[in-house]
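Okay, structure first, notes after.
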Amino acid sequence: MRLQAAGVKLGYGDRLIVDGLDLGIEASTVTTIIGPNGCGKSTLLRALGRLLKPQGGEVLLDGKRIDRIPTREVAKVLGVLPQAPSAPEGLTVADLVARGRHPHQTWYRQWSSDDEGAVAAALDMTGLSDLAERPLEELSGGQRQRAWISMALAQGTDLLLLDEPTTFLDLAHQVEVLELVRHLHEAAGRTVVMVLHDLNLAARYADRLVAMRAGRVVASGTPHEVLTEGLLREVFELDAKVIADPVAGTPLVVPIGPLPRD
Amino acid sequence: MTTLRTSTVSWRVRPRAVALTLTGLVLLALLMALDMRIGEIEMTLPEVLTGTFDVNSAAHFVIMELRLPRALTGALVGAALALSGAIIQSIARNPLASPEILGVTTGASVTVVAGLVLSGSAYGTVSGLLATLGVPALALLGGLLGAAIVYGLAWRRGLDGYRLVLVGIGVAAVFTNVKFWLLTVGDINDTARAMVWISGSLNGRGWEHVVPTALALAVLVPLTLLGTRSLDALRFGDDTVTALGVRVNPARALLILAAVLLAAVATASAGPIAFVALASPQIALRLVRSGRPPLLCSAVVGAVLTTAADLIARTVFSPVELPVGIVTAVLGAPYLIHLIWRSRK
């Protein structure tokens, strides 16, 4: 188990969003968390990435409590791409990606040849080498998202948490980003946990799905096990047909309409 | 950005920043020498130089006891204010942030004015040591207290740059009004002295002002430089910075503490000199063309700006000497506007 949440209670201030949740992430898998708005999926991801301190329970990274490992050491193993991240104005792609090397640097080792190599490799893998000197503002949404993923890659971690990496992207760019994620997983055996809104893409690109509702895990397993008509009713209050995706054979959700409220 | 690298050590330097820092230091030495000509006995530049370096010269005593400490106070105070401003602007991600926003200068003003005004003429008759040490000590105390109030009110499960700026502006407004109220109720002689102090003045500054400022800079500059990498990282959103392995709140708190101490010590020495902390980092930023205010370069710009302003304050309306703070505002504002205007094109 690479990453584990054990009885975590999560919230902001007095408002508890997740009350006692257990979840384990196996090594070298792509896990996608799905669920309706406000169900706590981003909150859970933030806790897994130690961006949010649990009010109860614990998060374990490779069996050790994540809050007892120096945050810099965590950053060498675990990369997190937060939802809608913000960068300072005028920053170039190369500068952004170079920032990913932060946990590997010290005041006397500010830019080693390892850093240079890792940044070049990350830019190459996301196909951004030619855009390296461009300011982020000049990129398209898909390119910008790839630049952020590139930064997480330059960090050199084999565990990646991505919070809605496809928001604000058109379908072609969503597929482009998810293909990249799949490539990262298949080529280097990286463990990926992400939050996605699109159920069909989630089913296609994930090994495991975790369905959440109101701060609880309702179901987890392979896309075939999780994405059923019954679950869609229970979790999303959606009346839908689930058929086989004609391209990939994974479950495909065809909505009929919202469940009548009683 | 140029990289200097051996097998174990690698440094990144901006050649432009290095060149500007060195040019600034030469300019600073020249301005200080010009400044030291002025006084009861006017000297020529060669007289100033022999007076500084030749122990047996007639002018040596005057230079060492009066003119050099005054010039040094100006340079050190300017550097400290500018460095403080550079840190705060980077953390608040706001070019309009300055120690004033952190409650340091306004807090110092209130306590000093209160000290001068409320203790009445009794304060004025207190002789020597307490009079010289009293005001700086009051200023230091008020500056730290002001910062503590702003920090306390702005803190809410962490520190947000935007919230800090808003709270800071509010607290500064309250302090400023209390200050004006104190000035209206005070005795006319006390308020006159208070007015000179709150304009920011280098008049009569001696080694007792140089030493604390120099010590503070000697400790805080290296510490701040060690925090440079955190400062770079803190320009990103909190989640991104945490993900990169930076302990956001402790890093930010330490850097703000350094900025507060720098500004408080500077204000204790020379009063709240306006605009240096605000303008110097932005001037340095535009000259170096970096992403955030460069630290050392800002400090040198601050020293040059303050010394140049003092030179003008003492010569333009000679024999009347203006408080330096009046000139820094008049001098810094147009230059900053010019730089912003130019960089817009």
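Would you please put B:38-48, B:241-251 in order of how densely packed they are, using the mean number of other Cβ atoms within 10 angstrom per residue and starting with the highest?
Highest mean packing first, the order is B:241-251, B:38-48.
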Other-chain or far-sequence residues with amide H under 5 Å of A:V193's (modelled H): A:T31, A:L160, A:L161, A:L162
Stokes-Einstein translational diffusion, segment A:1-116 - Kirkwood Rh over all Cα pairs, 0.692 mPa s, 37 °C, in µm²/s: 204 µm²/s
Relative contact order, percent, chain A [alpha-carbon distance under 8 Å, six or more residues apart]: 23 percent
Gyration tensor (alpha-carbon) shape descriptor, segment B:76-220, a/c threshold 1.5: oblate
Alpha carbon centroid spacing (whole Å) that separates segment A:112-144 from segment B:1-51: 38 Å
Per-residue HN-Hα couplings for segment B:55-71 [Karplus 6.51, -1.76, 1.60; θ = phi - 60°; Hz; x = Gly/Pro]: 4, 8, 6, 5, 7, 4, 4, 4, 4, 6, 8, 10, 7, 5, x, 5, 5
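What is the dipole size for the protein assembly as shown, taken about its Cα centre, with +1 at each Lys and Arg Cβ and -1 at each Asp and Glu Cβ, in debye to the nearest 20?
Details: 52 positive and 50 negative charges, 93 e Å.
Dipole about the Cα centre, nearest 20: 440 debye.
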C-alpha center-to-center spacing [segment A:248-262, segment A:175-198] in angstrom: 24 Å
Selected from A:G7, A:L81, A:Q55, residue furthest toward positive end of dipole (segment A:1-87; charges at beta carbon): A:L81
The protein assembly as shown pair-distance distribution - Cα-Cα, 20 Å bins, rounded %: 18, 41, 27, 12, 2, 0
Shielding score for A:85-92, defined as the mean number of other chain Cβ atoms within 10 Å: 4
Angle in degrees between helix A:141-154 and the longest Cα principal axis of chain A, rounded to the nearest 10: 70 degrees
Segment B:228-295 and segment B:85-112: distance between their alpha carbon centers, rounded to Å: 10 Å
Convex hull projection area averaged over all views, segment A:78-210, Cα basis, nm²: 8.0 nm²
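What order do you get for A:R99, B:R12, A:R208, A:R15 when you list them from fewest to most C-beta neighbours inside 10 Å? Each step should come with its number before you reach the end.
On the way: A:R99 21, B:R12 13, A:R208 18, A:R15 6.
Neighbour counts put them in this order, fewest first: A:R15, B:R12, A:R208, A:R99.
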Contact order normalised by residue count of segment B:28-344, Cα under 8 Å, 6+ apart, percent: 30 percent
Phi to ³J(HN,Hα) by Karplus 6.51 cos²θ - 1.76 cosθ + 1.60 over segment B:322-337, Hz, x for Gly, Pro: 7, x, 4, x, 5, 6, 4, 5, 5, 7, x, 4, x, 5, 5, 4
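Averaging over every viewing direction, what projected area does the convex hull of the Cα atoms of segment B:16-76 cover, in nm²? Mind dumping the intermediate values first?
Numbers: hull surface 17.4 nm².
Directional mean of the projected Cα hull area for segment B:16-76 stands at 4.4 nm².
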Cα long-axis angle, helix A:171-188 against chain A (0 to 90 degrees, to the nearest 10): 70 degrees
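Taking segment B:8-153, how much of its Cα-Cα pair set, in percent, is spaced more than 19 angstrom apart?
69 percent
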Under the Karplus curve 6.51 cos²θ - 1.76 cosθ + 1.60, θ = phi - 60°, whole-Hz ³J(HN,Hα) for segment B:33-46, x wherever Gly or Pro sits: 4, 4, 5, 6, 5, 7, x, 4, 10, 5, 10, 8, 4, x
Segment B:269-345 pair-distance distribution - Cα-Cα, 10 Å bins, rounded %: 20, 48, 25, 7, 0
Cα extents of chain B along the three principal axes, largest first (Å): 59, 49, 40
For segment B:177-318, the fraction of alpha-carbon pairs in successive 5 Å shells from zero, as %: 2, 8, 14, 18, 17, 15, 11, 8, 5, 3, 1, 0
Two-decimal ratio, segment A:3-258, of alpha-carbon radius of gyration to 2.2 N^0.38 Å: 1.02
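Residue by residue through B:231-242, how many Cβ atoms from other chains fall within 10 Å of the Cβ on average? Write down the numbers at each step before the final one.
Values: counts 0, 4, 2, 1, 6, 10, 7, 3, 12, 14, 4, 10.
The mean count of partner-chain Cβ atoms within 10 Å per residue comes to 6.
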Angle in degrees between helix A:113-125 and the longest Cα principal axis of chain A, rounded to the nearest 10: 40 degrees
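Using the structure shown, list the pairs from A:K9/A:K76; A:K41/A:K241; A:K53/A:K241; A:K41/A:K76 with a Cα-Cα distance above 32 Å, or answer none. Before the final figure, lay out each step's value.
Working: A:K9/A:K76 26 Å; A:K41/A:K241 24 Å; A:K53/A:K241 39 Å; A:K41/A:K76 24 Å.
Among A:K9/A:K76; A:K41/A:K241; A:K53/A:K241; A:K41/A:K76, the Cα-Cα distance tops 32 Å for A:K53/A:K241.
Bear in mind that the values in this text are calculations on the coordinates, not laboratory data. From a predicted model like this one, the values you see are computed outputs, not experimental measurements. Positions of Cβ are backbone-derived with ideal geometry, glycine not excepted, and every protein chain shown enters the neighbour counts.
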